[in-house]
Each structure stands twice: as C-alpha cells, then as structure tokens.
Amino acid sequence: LGLSLNWRIGSGENSLADRSFSQASYTSGYRSRLPLSPVHLKAAGSVGKGFTASWIRRDRNDLGDWNAVETVMSEVDERYTAILTFASGVEIAKETNLPEAVFAASEILSAVPAGDTVSSLTVAQMRASYGAGDQAILALD
C-alpha cells in the first residue's frame, strides 16, 4: 500500500529509453483492502408479508479448495449491511452476520407510505478496519 510504481508505455519495437515512450506514475491505495461486493443477490416477499434477502459472499483471500461449499472468510467478523429501498425513497437498513437478511412486514409497514413498492436491495460487506466494500444492487419491481 502506498507504493508508487512508474510505468513506461510505448512500442515493443523500441527500447524503454526511447523518447517515443510516455511515462505514468501510479500509487496504490486501500481499495485492495476493501471487501469485494456480494454476488447473486436474491429477494422474495412483499410489503405486506415482509422480505427475505440472500446473497453469496466473496473474499479477497486465496480460495484454496474450489470444491468447497463455503468460501473461507479472511475477516475476523463477517458483517454485512443490507438496505431495502422503496419507490418513495424510504430506506430500511439492516446489519447482519449472515449472508441473508429478513425485513419483517411490521417494520416495513410502519416505515413506508401506504401503496409504496420496493425498488431495490443493496448489500455491502463490512470490514472492521476499512468499512464498507463495494455495494451489490438488485433492482426489484
């Protein structure tokens, strides 16, 4: 992290010292430390009956066994933030330690106007030392 790399870009027919090469510098940041976004988001339910959401977790660590059913997590504490967004703009957020979240009907009905519909589910994995990783978003009708 924080290592500055110098790149020379040009034709392979010339030497790196040739004047035709351009130079660029890049310093790595903390993006490589953020958790990857979850994949294969699923949501089922309705405003009146509640919603259940699930997803597949991912990790930046070496996966090792490709035949394993579960990905071994490098995080000490597995945490996610799941957000159910409604057409009215209301959001209901949940933190969970499992790759799933349940939004109860009573919770939804007390937060959204009558006749409101769900527009999306957003999920991000949390990392204790760096915060939320990239979000995965599932559009819902």
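The values are calculated or read from the model by the stated rules, or taken from the named source; none is laboratory data. If you're wondering where the values come from, they're calculated on a predicted model, not measured in any experiment. Every residue, glycine among them, receives a Cβ derived from its backbone with ideal geometry; neighbour counts consider all protein chains shown. Side chains included, ligands, DNA and RNA excluded: accessible areas come from the protein's heavy atoms. Shrake-Rupley method; radii C 1.70, N 1.55, O 1.52, S 1.80 Å.
Against the criterion of being open to solvent by 20 Å² or more (accessible area, probe 1.4 Å), of a type in the set (S, T, N, Q), modelled with pLDDT under 95 and over 15 Å from I56 (Cβ atoms), S119 does not qualify. The range 78-121 holds strands (runs of 3 or more DSSP E) entirely within its bounds, and those carrying 1 or more residues that are in contact (Cβ under 8 Å) with a residue 40 or more places away in the chain and touching a strand residue (DSSP E or B) at 6+ places or on another chain (Cβ under 8 Å) map to 79-86, 100-103.
Can you tell me which residue in the range 30-47 is modelled with the lowest pLDDT, limited to those that are of a type in the set (A, V, I, L, M) and part of a loop (DSSP other than H, G, I, E, B)? Give the steps one after another, and end with the answer.
Our first condition is that a residue be of a type in the set (A, V, I, L, M); within the range 30-47, this holds for 34, 36, 39, 41, 43-44, 47.
Now drop any that are not part of a loop (DSSP other than H, G, I, E, B), which leaves 34, 36, 47.
Numbers: L34: 80, L36: 85, V47: 91.
Among residues in the range 30-47 that are of a type in the set (A, V, I, L, M) and part of a loop (DSSP other than H, G, I, E, B), the one modelled with the lowest pLDDT is L34.
Confirm whether S88 is within 30 Å of A114 (Cα to Cα) and either more than 14 Å from the chain's Cα centre (by Cα) or at pLDDT below 85 (or both). In short, yes. Restricting the search to the range 4-33, which residues are out of contact with any strand residue (DSSP E or B) (no Cβ under 7 Å at 6 or more places or on another chain), exposed (fewer than 10 other Cβ atoms within 10 Å of the Cβ) and within 30 Å of D59 (Cβ to Cβ)? S32 - this is the single residue of the range 4-33 that is out of contact with any strand residue (DSSP E or B) (no Cβ under 7 Å at 6 or more places or on another chain), exposed (fewer than 10 other Cβ atoms within 10 Å of the Cβ) and within 30 Å of D59 (Cβ to Cβ).
Among all positions in the range 61-79, there is no residue which is surrounded by 13 or more Cβ atoms within 10 Å (Cβ to Cβ), modelled with pLDDT of 85 or more and of a type in the set (A, V, I, L, M, F, W, C).
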